[in-house]
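The values are calculated or read from the model by the stated rules, or taken from the named source; none is laboratory data. Nothing here was measured: the structure is a model prediction, and the numbers come from that model. FYI the Cβ positions are ideal-geometry reconstructions off the backbone, even for glycines, and counts take in every protein chain you see.
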Amino acid sequence: MKILVIGSGGRENAILHKLKSENCDLYITPGNGGSSKYAKRIKLNTFDEIKNFCLESKIDFVFVGPENPIAEGITDYLESYNIFTIAPNLKYAYLEASKGKAKEFMKKNNIPIPKFGYFDNYNSALEFLKTLNPPYVIKADGLAGGKGVSIINEFGIAKNVLKEYFEGKFGQASKKVVIEEFIDGFEISAFICTDGKNYKFLGYAKDYKRLLDNDQGPNTGGMGSYAPVKINKNLHNKIIKEIIEKTIENIEGYKGFLFFGLIIKENQPYVLEYNIRLGDPETQVLSLYWNFKLSELFLAIKEKNLDNFKISFKNEHFVNVVLVSKGYPFEFVKGYEIKNLDKIAENEVIVFHAGTEFKDNKFITNGGRVLNIVGFGENRELARKRAYKYAQIIDFEGKFYRNDIGI
């Protein structure tokens, strides 16, 4: 089976790792420094170049990792040339590409969500902000790489942040803004895949979005994750009935992956956001937790035969600690040598590259999130211990990581 993966992060390398174990013929664009371990890296700069490569190479599936190409219509474009793409069509891109429209969809379909307002001007937004109690949650409407959410304790600061959003802090993404009631609870991510008719539940993962320990500091693309997440049966059934099934019923024809950013308070789940793809850094743990063939799942999606596909999970735990560059998620320096990767014990951890390149016979930093150190073991404590052991051993100038992943 020939598969092209689109993306350059840890999520894409985790997908390649999984597919490689299934003896697939793999290609990736653009990839990163670690991608060549699993796949042939190719440089394809446009949808047209991707299409030409797929047709010439007889690619069976295209897997799209990040949200931007999906929101730009890559699925519609490739499928107009009969290239099957594991990602939703442009019709449903708004579920992630517009937080406000997604909230309106949830409200219309009686899916539990925090109280919210959706605004295209500062004055109306400010009036709504005044009706809420702190902390204040302000979200850029559009795609901002997971960094467009601000949680602020003081009204005066929130007022200023709101102004910055409307003045273009995140460019076009913050020309409209969602303001949301803060719910103090436990955040988890729930994952499904669907063939346009049937769906399968793919598990829960815990993601750490803030830069610093104890969920302090600015939002990031994700500083770590773990799976599985144990939740009680009653809560799981609520998530399925009140959220997942109500969503699926109202997105007929959606195919690919969908993940639900949830918050749980007093055994009641609320949806914070949809993402029209697999998560990063959650995929780095989930893909190892899955005990089925991903290539066969892709085939079941294509053949609309997901109903008959059996999902199973390993009896192991996985903890992912993300090593980032000093200055992330703001400005950071690239080009530092990454040392001690040869000291990795593969019976304790798997390292998924993200912001790296391979140059002059060595790995160097090439992004904000550099490496994912995924420890595994019979319990979360052992997996966590192994991940942090190698987070300390692997080194590069300005290396930073959170110390509380998986606690």
- Might you check whether a residue that is within 14 Å of the chain's Cα centre (by Cα), of a type in the set (A, V, I, L, M, F, W, C) and surrounded by 17 or more Cβ atoms within 10 Å (Cβ to Cβ) occurs anywhere in segment 213-223? yes
- Task: Restricting attention to segment 389-407, report how many residues are under 19 Å from Glu282 (Cβ atoms) and either over 20 Å from the mean Cα position of the chain (by Cα) or assigned by TED's automatic domain parsing to the domain that holds Lys334 (or both).
- Result: 2
- Look through segment 79-100, keep the residues that are surrounded by fewer than 17 Cβ atoms within 10 Å (Cβ to Cβ) and not aliphatic (A, V, I, L, M), and return whichever of them is nearest to the chain's Cα centre (by Cα). Lys91
- When you go through (1) under 26 Å from Pro69 (Cα atoms); (2) surrounded by fewer than 18 Cβ atoms within 10 Å (Cβ to Cβ) one by one for Leu297, which number turns out not to apply? (2)
- Task: Could you identify the single residue in Asn45, Asn32 that is part of a loop (DSSP other than H, G, I, E, B), touching an Asp or Glu at 6+ places or on another chain (Cβ under 9 Å) and not charged (D, E, K, R)?
- Result: Asn32
- Members of segment 171-187 found to be under 19 Å from the mean Cα position of the chain (by Cα) and either polar (S, T, N, Q) or over 18 Å from Ile276 (Cβ atoms) (or both), listed by number: Phe186, Glu187
- Item | Matching residues, segment 237-256, being surrounded by 17 or more Cβ atoms within 10 Å (Cβ to Cβ) and either free of Cβ contacts under 8 Å to residues at least 24 places away in the same chain or among the hydroxyl-bearing types (Ser, Thr, Tyr) (or both) | Thr247, Tyr254
- The one condition in (1) touching a residue at least 24 places away in the same chain (Cβ under 8 Å); (2) not in a helix (DSSP H, G or I) that Glu12 fails to fulfil: (2)
- Message: Can you find a residue that is within 14 Å of Gly224 (Cα to Cα) and small (Gly, Ala, Ser) anywhere in segment 337-348?
- Response: no
- Query: Which residue out of Ile138, Ile83, Ile113 is of a type outside the set (D, E, K, R), touching a residue at least 12 places away in the same chain (Cβ under 8 Å), touching a strand residue (DSSP E or B) at 6+ places or on another chain (Cβ under 7 Å) and not in a loop (DSSP other than H, G, I, E, B)?
  - Reply: Ile138
- Message: Quick check on my filter: what residues within segment 57-80 are of a type in the set (S, T, N, Q) and in a helix (DSSP H, G or I)?
- Response: Ser57, Asn68, Thr75
- Message: For segment 169-187, which positions are in contact (Cβ under 8 Å) with a residue 60 or more places away in the chain, surrounded by fewer than 21 Cβ atoms within 10 Å (Cβ to Cβ) and in contact with a strand residue (DSSP E or B) (Cβ under 6 Å, 6 or more places away or on another chain)?
- Response: Phe182, Ile183, Gly185, Phe186, Glu187
